[in-house]
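One structure is given here, and the rest of the page talks about it.
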Amino acid sequence: MEKYTVPPATRIGHIHLKVSDLERALKFYRDLLGFEVTQMYGQQAAFLSAGGYHHHIGLNTWHSAGYPPATQQGVGMYHAAILYSERKDLAQILKRLMDNDYPLTGESDHGVSEAIYLNDPDGNGLELYWDKPAAQWPRNAAGQIEMHTRRLDIEDLLNTIKEVNNNL
């Protein structure tokens, strides 16, 4: 097979999730995470976005209404990742989750990014993260990126909100 390289401007455009209860999923993605509904398909599907895009997240109950949550074991998606453009935005959603007592499954500093992990109400894994500037990415002597998984300094991340407020 001939080698093929995906074009560098290629992006993953959206995720479309099967959920068991559309209203419960909307309370999470719309009301807690803050995505805006761009279109509803009756009581069976919804499309949500950030910033007016047609959709970043699709939710449907077409084949999953009333079914139990996704399991940790077995094949399937490990998690979907939502990229925030600035560190303060990640700090703000973390504070919102904490203020609403929403359980996190983890948090990490990967060298190239900082991330918090959680499951949606249907057990779908989510990573909420921001990328550090490329100049700060850890690299080896050959210049290759060397990601790692270390403890995220939650207090320092949350202090970003205070710094932004102090600069207003």
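The values are calculated or read from the model by the stated rules, or taken from the named source; none is laboratory data. Since the structure is predicted, the reported quantities are computational estimates derived from the model, not experimental observations. All Cβ positions, even for glycine, are placed from backbone atoms using ideal geometry, and neighbour counts span all protein chains on display. Just so you know, the surface numbers come from the protein's heavy atoms only, side chains and all, with ligands and any DNA or RNA stripped out. Shrake-Rupley method; radii C 1.70, N 1.55, O 1.52, S 1.80 Å.
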Here are 66, 74: which of them is in contact (Cβ under 8 Å) with a residue 40 or more places away in the chain, out of contact with any Leu (no Cβ under 9 Å at 6 or more places or on another chain) and more than 28 Å from residue 98 (Cβ to Cβ)? 66
Residue 70 vs (1) surrounded by 11 or more Cβ atoms within 10 Å (Cβ to Cβ); (2) modelled with pLDDT of 95 or more: all pass except (2)
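A quick yes/no check of all residues on (1) among the hydroxyl-bearing types (Ser, Thr, Tyr); (2) assigned to a loop (DSSP other than H, G, I, E, B):
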| residue | (1), (2) |
| --- | --- |
| 59 | no, no |
| 62 | no, yes |
| 67 | yes, yes |
| 71 | yes, yes |
| 74 | no, yes |
| 77 | no, yes |
| 88 | no, no |
| 91 | no, no |
| 97 | no, no |
For residue 140, which of the numbered conditions (1) of a type outside the set (A, V, I, L, M); (2) in contact with a strand residue (DSSP E or B) (Cβ under 8 Å, 6 or more places away or on another chain); (3) free of Cβ contacts under 8 Å to residues at least 24 places away in the same chain fails to hold? (2)
Considering only residues that are in contact (Cβ under 8 Å) with a residue 24 or more places away in the chain and part of a helix (DSSP H, G or I), look in the range 1-26 and name the one that is most open to solvent (accessible area, probe 1.4 Å). 24
For residue 107, state whether it is among the charged types (D, E, K, R), outside any helix (DSSP H, G or I) and either without any contact (Cβ under 8 Å) to a residue 24 or more places away in the chain or out of contact with any helix residue (DSSP H, G or I) (no Cβ under 8 Å at 6 or more places or on another chain) (or both). no
Those residues of the range 136-168 that are over 16 Å from residue 109 (Cβ atoms) and part of a helix (DSSP H, G or I) come to a total of 6
Every residue in the range 39-67 that is buried (at least 16 other Cβ atoms within 10 Å of the Cβ) and not hydrophobic (A, V, I, L, M, F, W, C), please. 49, 55, 56, 58, 60, 61, 64
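Residue 114: under 29 Å from residue 75 (Cβ atoms), open to solvent by 20 Å² or more (accessible area, probe 1.4 Å) and either not in a strand (DSSP E or B) or not aliphatic (A, V, I, L, M) (or both), yes or no?
When the stated conditions are applied, residue 114 does not pass them.
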The lone exception for residue 60 - which of (1) out of contact with any strand residue (DSSP E or B) (no Cβ under 6 Å at 6 or more places or on another chain); (2) among the polar types (S, T, N, Q); (3) closer than 14 Å to residue 124 by Cβ it fails: (1)
